[in-house]
Amino acid sequence: MNRHHDPNPFDEEEVNPFSNGVSAPGSKGRVPPAASDSLGFGQKHDATVDIPLDTMNDSKQKAKELASWEADLKRREKEIKRKEDALVKAGVPTDDKNWPPFFPIIHHDIANEIPAHAQRLQYLAFASWLGIVLCLVFNVIAVIVCWIRGGGVKIFFLATIYALLGIPLSYVLWYRPLYRAMRTDSAFKFSWFFLFYLIHIGFCIFAAIAPPIVFHGKSLTGILPAIDLFSGHVLVGIFYLVGFGLFCLESLLSLWVLQKVYLYFRGHK
């Protein structure tokens, strides 16, 4: 009997674990490589997406440069503001005088220094300051007419003092702080403006009435002196009545400006 083709009972059978069945006895085939089927959605790995490393590095570099530029800009702005505040505290003038054009005595440039959304409000406040200037100047003129008609020199000197003190003090105490507050958005300067602007409104209301207390009776063109002067000096009474109207208009305008500035301040804080 021919035994050359009999299988060796001691030979190990190689079984392919990935095949459906067991390989035939005596087969020594190799294990086939695993199929490199593409894995679909939901499997452990999806298709590989190639992202250029150079693009990612450039984006990160640009972001770092932008952040560094912004930090440097903020640092410079703080440094400039600190220097300006130091100069103001030291009493050093930092602005060139440019208004009025024919005889510059103050610095005033709303169009270039005040933010666009706040320029209209600043112009209203400027109109309010010009209004008190007009009221005090006309008050001097009316008092001069009264002095000529026999009102006495004392009221003329008092009216002149009101104008010489009131015009610069109103600019320094409330208009200039509001101008700087609009330019730098300083809460302290806004508070300073509110304090002295309320005093300004109180003075305008008092001047429109002009009771014979604190101030000399006819040194302000209020309604009470106007009524008193109409009985003997009609022309003087007309001047005082016009002055009363100016102080009334200034009071109303100032109340409107106060409301607008307060709403602006509340909306930005």
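The values are calculated or read from the model by the stated rules, or taken from the named source; none is laboratory data. Since this is a predicted model, take the numbers as computed values, not measurements. Note: ideal-geometry Cβ built from the backbone for every residue, glycine included; neighbour counts use all protein chains shown. Note: areas computed on protein heavy atoms with side chains; ligands, DNA, RNA excluded. Shrake-Rupley method; radii C 1.70, N 1.55, O 1.52, S 1.80 Å.
Annotations
- By the Kirkwood approach, averaging reciprocal distances over each pair of separate Cα atoms, region 84-226 gets a hydrodynamic radius of 16.8 Å.
- Residue ranking by accessible heavy-atom surface, 1.4 Å probe, largest first, among 171, 262, 179 comes out as 262, 171, 179.
- For region 94-138 and region 203-259, distance of Cα centres in Å: 25
- Pairs of alpha carbons in region 154-269 whose separation is greater than 26 Å (percent): 30
- Averaged over its residues, region 128-269 has an accessible area of 49 Å² per residue, based on protein heavy atoms and a 1.4 Å probe.
- Between residue 153 and residue 214, the modelled label-to-label distance comes to 2.8 nm, taking each label 7 Å out from Cα in the direction of the beta carbon.
- Region 139-269: relative contact order in percent, alpha carbon pairs under 8 Å with at least 6 residues between: 24
- Amide H to amide H, with H built 1.01 Å from N, residue 106 comes under 5 Å of 98, 99, counting only residues 5 or more places away or on other chains.
- Computed FRET value (nearest 0.05) for residue 252 with residue 99, which takes r as the C-beta separation and R₀ as 25 Å: 0.50
- Given 78/189; 97/260; 154/189; 74/189, the pairs whose alpha carbons are separated by over 26 Å: 97/260; 154/189
- Take residue 75: with every protein chain present and a 1.4 Å probe, its accessible area is about 140 Å².
- Placing pseudo-labels 7 Å out from each Cα toward the beta carbon at residue 234 and residue 72 gives an inter-label distance of 7.8 nm.
- Taking θ as phi - 60° and the Karplus parameters 6.51, -1.76 and 1.60, the scalar couplings of region 218-229 work out to 9, 7, 10, 8, x, 6, 5, x, 4, 5, 5, 7 Hz in sequence order, x denoting glycine and proline.
- Spherically averaged projected area in nm², based on the convex hull that wraps the Cα atoms of region 96-178: 6.3
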